[in-house]
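Chemist: Following this message is one structure expressed as structure tokens.
The values are calculated or read from the model by the stated rules, or taken from the named source; none is laboratory data. These figures come from a predicted structure and were not determined experimentally. Please note: Cβ atoms are built from the backbone with ideal geometry, for glycine as well, and neighbour counts cover all protein chains shown. Quick note on the areas: whole protein, heavy atoms, side chains included, nothing else; ligands and nucleic acids left out. Shrake-Rupley method; radii C 1.70, N 1.55, O 1.52, S 1.80 Å.
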Amino acid sequence: MRASLKFKFIMIRNLLFLLAFTAVSFPVFPGEGMWLPSLLEKYNIEEMQRKGFRLSAEDIYSTDRPSMKDAVVRIGGCTGVVVSERGLVLTNHHCAYRAIQSHSSVDNDYLTDGFWAMTEDEELPNRGLTVTFLVRMEDVTERVLSVLDDGMDENQRQAAVNIISGILEDEAVEGTRYNAAVNSFYFGSEYYLFVYDVFEDVRLVGAPPSSVGKFGGDTDNWMWPRHTGDFAFFRIYADDENEPAPFSGENVPYRSPVHMPVSAGGVRENDFTMVFGFPGSTRQYLTSHAVDMLIRMRNPHSIRLRDERLAAMGREMERSDTVRIKYASKFASVSNAWKRWQGENRGLERLDAIERKRAIERRFAEWVEGSPERMSRYSGVLPGLDSLYSLLEHFTLAFDYGQEALYAIEAVRFVNDFLRLTETRTDLRQGTDPARLTSVLSQVSGNFFRDYHQPVDRRIFSMMLTMYRENIDEEFHPAFFGEVTTGFDSDFDRFADHVFSESAFVTPRGVADLLYVLEQDAAGPDLLEDDIFVRIVGDIRAVYNENVISEWNSLNDQLTPLYRLFVEGLREMEPERAFYPDANRTLRVAYGQVRGYYPRDAVYYNKYTTLSGVMEKNLTGDPDYNIPDRLRELYDAGDMGRWTVNGEMRVGFIASNHTTGGNSGSPVINGDGHLIGVNFDRVWEGTMSDIMFDPAKCRNISVDVNYILFITEMFAGAGHILEEMTILR
Ligand code: ARG
Ligand code: ASP
């Protein structure tokens, strides 16, 4: 009797709690958000500590003393974390993928076999790859706004922002080796200055074979349960003063003032987790119009276009190992967004996102009507967005087809880059030394052809143009479409045969000849103009760049001030609530807890996976689940060293942190500030989190550090790497 009364009491109390919460806080979900490290003290630290964080905001971000932020880096488009005193950086395998590919050949296939430098001498340099530390950040809103006034139109405003930003940036780095950037937040309501330290000599230290680092391939991408060992090691090199320097044999490992200790204790349900990294872009404040356009039009069309591109690449990749290596990275990146859009659409539909956005807009409209001041400031916002979006629809589809069809043709992008260089480098062309231009061009062309297989592109060419013609209004058709109709029976296949046999731009030989002539006669551009691909790109630019992009940009520029007011109004409407700014590649903190979830009715997904799951998937026979023999041997022998937790070899885990693209490679940190995993993905049911976060379904996926340590030490025999690290139990 007593027990059941107590139970009832608890139920009622919980219900009251729930009601209280739903009444005050509408769309902000607990756990949602990507927060600025310098503002944690103000907005988040108490909630973080309630969830199990045992350190202070100063421990995360400080400019007075070393703090956690000094171990978090931007590396390429990803994030990484410094894990030793010798500049060792841990990130994802998929973030290192291009680097690994660039060192690979059919004979030396590091994608397939993995790569491990057994000494520092063997570490491989990577041209163009940099590592960036945040030195400090500062709110410069007042100084930026002080040069703006309400009379400015958006272009004038932007010009003024650029000027003052330049001044602030110069001021901030004067007399230092650093560089700086001022970024806009909340669509230009606030501005922050970021000072960065960039290292240019970054070397590949170790990466598992793809059968570990990309286990599950595109089948498992964006999915849980996941068994991918998605990690790789790089090292930062510096000059003998420990300062950044271009690659040189004289450089030495960077002496890192801060590195993150690793905790191999394993995660438990509800453990505090925090993800510290550089999320790329989110669109949390999109209105119902934009979400509607995304679900109904943009995502479905973009998905269909990529279906065809993937099929074209996949077919040739299956036929030859050379093509497989050349296209591995391109395929993975085309496939990645293609799959995310599918999950995003489902998630938004399931959440009834359009209706939820409309509800917010109705509340906003009511609130605006509540006072004359608000009326005068905000009454134009929603109607303005409404009418802009109806104008935008037409251009948006054409814009997307430009990106996803016209410029999906590799040769179109190449010729476009080539022409741009000859155009912007007229100084070089007309100058005394035409060889300088041709040497730049031959580098660009070398890069292009290294990973080019003409039959793939020819197929993409005819498919993309066919689909463009079918779906896009005639007013946006490039001029050469007419020639295809009259001269080639409207058949883009036949047109492709013609183009690919005529143009100099689709073979290395053709381009080399062209460059030779160009160098002899630097002022002779006619040669270029006669090439059929140059004409095609000219036609594309004439209609797409000039009619579509310019209109699309100008409509989007008009959206910005309306969104600025919209978000300003929302914040005023709910003064108690902290609104996090959209991701913009600046350093952020997300925090949450280790937690399983229900992907659908009656199905529960556990919070972590184990090596047994790798073996289970392997049994299905799907080649995405191939595993290296050595892994099977270690598993069969039960030889997992110190890295098991309760007798299990943990592989991945999920938690409720709000993350996005760019967060890959981010350290996942426990309540004591120790590294417990490396973030690399999100679950399928939660891929709509860039637009709308659902605490019940949104989970970030991480590799467990135990798996990283096990693979590095026991599988790869690279235990010397572990010796550099600080490993706690
Ligand atoms: N979905 C993850 C992210 O957005 C991982 C992508 C790499 N893996 C792949 N199979 N394509 O980057
Ligand atoms: N996989 C993503 C990345 O590369 C992370 C994500 O979108 O969740 O940054």
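Chemist: Which distance in Å, rounded to a whole number, links the C-alpha centroids of segment 297-355 and segment 115-140?
Modeler: Cα centres, segment 297-355 to segment 115-140: 30 Å.
Chemist: Further question on the same structure: Can you give the three extents of the C-alpha atoms in segment 92-146 along their principal axes, from longest to shortest, in whole Å?
Modeler: Dimensions of segment 92-146 along the principal axes of its Cα atoms: 61, 22, 18 Å.
Chemist: Can you list, by residue number, the Cys in the chain that have no neighbouring cysteine C-beta under 4.7 Å?
Modeler: Lone cysteines by the Cβ rule: CYS698.
Chemist: Shifting gears a bit: Could you tell me the center-to-center distance, by alpha carbons, between segment 588-652 and segment 689-715 in angstrom?
Modeler: 11
Chemist: Taking the DSSP beta bridges in the chain as the whole, what percent of them are antiparallel, to the nearest 5?
Modeler: The answer is about 95 percent antiparallel.
Chemist: Give the Cα extents of the chain along the principal axes, in whole Å, largest first.
Modeler: 92, 73, 58
Chemist: Which lysines have a Cα lying under 22 Å from the Cα of LYS42, excluding residues fewer than 8 positions away in the same chain?
Modeler: LYS51, LYS69
Chemist: Across every pair of different alpha-carbon atoms, what Kirkwood hydrodynamic radius in Å does segment 656-708 reach?
Modeler: 11.5
Chemist: Take every Cα pair under 8 Å in the chain that's 6+ residues apart, average their separations, divide by the length, and report that relative contact order as a whole percent.
Modeler: Normalised by residue count, the contact order of the chain is 24 percent.
Chemist: Between ALA359 and GLU616, what is the FRET efficiency for a Förster distance of 45 Å, r being their Cβ-Cβ separation, to the nearest 0.05? If you can, show how the numbers build up before the last one.
Modeler: On the way: r = 43 Å, r/R0 = 0.96.
Working from the Cβ atoms, E equals 0.55.
Chemist: At 1.4 Å probe size, with the rest of the protein present, what percent of the exposed accessible area of segment 131-282 is carbon and sulfur atoms?
Modeler: Carbon-and-sulfur percentage of accessible area, whole number: 47.
Chemist: TRP367 to ALA311: extension gain in nm, 0.36 nm per residue of separation minus the Cα-Cα distance?
Modeler: Going from the current span to full extension adds 15.1 nm.
Chemist: Taking Rh as the Kirkwood radius computed over C-alpha pairs, what is the Stokes-Einstein D of segment 327-421 at 25 °C in a medium of viscosity 0.890 mPa s, expressed in µm² per second? It would help to have the intermediate numbers written out before the result.
Modeler: Working: Rh = 17.4 Å.
In µm²/s, the coefficient is 141.
Chemist: Give me the Kirkwood hydrodynamic radius of segment 122-279 in Å, from all C-alpha pairs, to one decimal place?
Modeler: Result for segment 122-279 stands at 19.7 Å.
Chemist: At each listed q (0.09, 0.15, 0.21 Å⁻¹), what is the log10 of I(q)/I(0) that the Debye formula gives for segment 254-374 modelled as equal alpha-carbon point scatterers?
Modeler: Those come out to -0.54, -0.95, -1.13, one per q.
Chemist: Then there is this: Which lysines, if any, have their Cα less than 26 Å from the Cα of LYS214, not counting same-chain residues under 8 positions apart?
Modeler: LYS326, LYS330, LYS339, LYS607, LYS617, LYS697
Chemist: Here's something else I'd like to know. Which percent of the accessible area of segment 540-686 is formed by carbon and sulfur heavy atoms (probe 1.4 angstrom)?
Modeler: 46
Chemist: Counting only Cα atoms, I'd like the Rg/Rh figure for segment 449-526, Kirkwood definition for Rh.
Modeler: With Rh from the inverse mean 1/r over Cα pairs, Rg/Rh is 1.06.
Chemist: Between the alpha-carbon centers of segment 190-244 and segment 443-519, tell me the distance in whole angstrom.
Modeler: Centre-to-centre (Cα) distance: 35 Å.
Chemist: Still on this structure, please answer the following. What does the convex hull of the Cα atoms come to per residue for segment 367-499, in Å³? Numbers along the way, then the final one.
Modeler: On the way: hull volume 26.2 nm³, N = 133.
Taking only Cα atoms, segment 367-499 has a hull volume of 197 Å³ per residue.
Chemist: Determine the shape class of segment 38-157: with a ≥ b ≥ c the square roots of the Cα gyration tensor eigenvalues, call it rounded for a/c under 1.5, and otherwise prolate if a/b is greater than b/c, oblate otherwise.
Modeler: Here segment 38-157 falls in the oblate category.
Chemist: Additional query: So, by mean Cβ neighbours within 10 angstrom, what's the order for 453-463, 672-682, 636-646 with the highest one leading?
Modeler: Descending mean neighbour count gives 672-682, 453-463, 636-646.
Chemist: Accessible area per residue for segment 57-181 in Å², computed with a 1.4 Å probe and the full protein assembly in place, what is it?
Modeler: Solvent-accessible surface per residue comes out at 49 Å².
Chemist: Still on this structure, please answer the following. If only Cα atoms are counted, what is the Rg of segment 292-339, and what is its Dmax, in Å?
Modeler: 12.7, 42
Chemist: At 37 °C and 0.692 mPa s, what whole-number value in µm²/s does Stokes-Einstein give for the translational diffusion of segment 587-729, with Rh from the Kirkwood sum over Cα pairs?
Modeler: Values: Rh = 16.5 Å.
Rounded, D is 199 µm²/s.
Chemist: Here's a follow-up. Taking each pair of distinct Cα atoms in segment 534-631 once, what is the resulting Kirkwood hydrodynamic radius in Å?
Modeler: 20.5
Chemist: Okay, moving on. May I ask you to order 492-504, 654-666 by the average number of other C-beta atoms within 10 Å around their residues, highest value first? All intermediate terms of the calculation are to be shown ahead of the outcome.
Modeler: On the way: 492-504: 17.8, 654-666: 27.5.
Taking the mean over residues of other Cβ atoms within 10 Å, the ranking is 654-666, 492-504.
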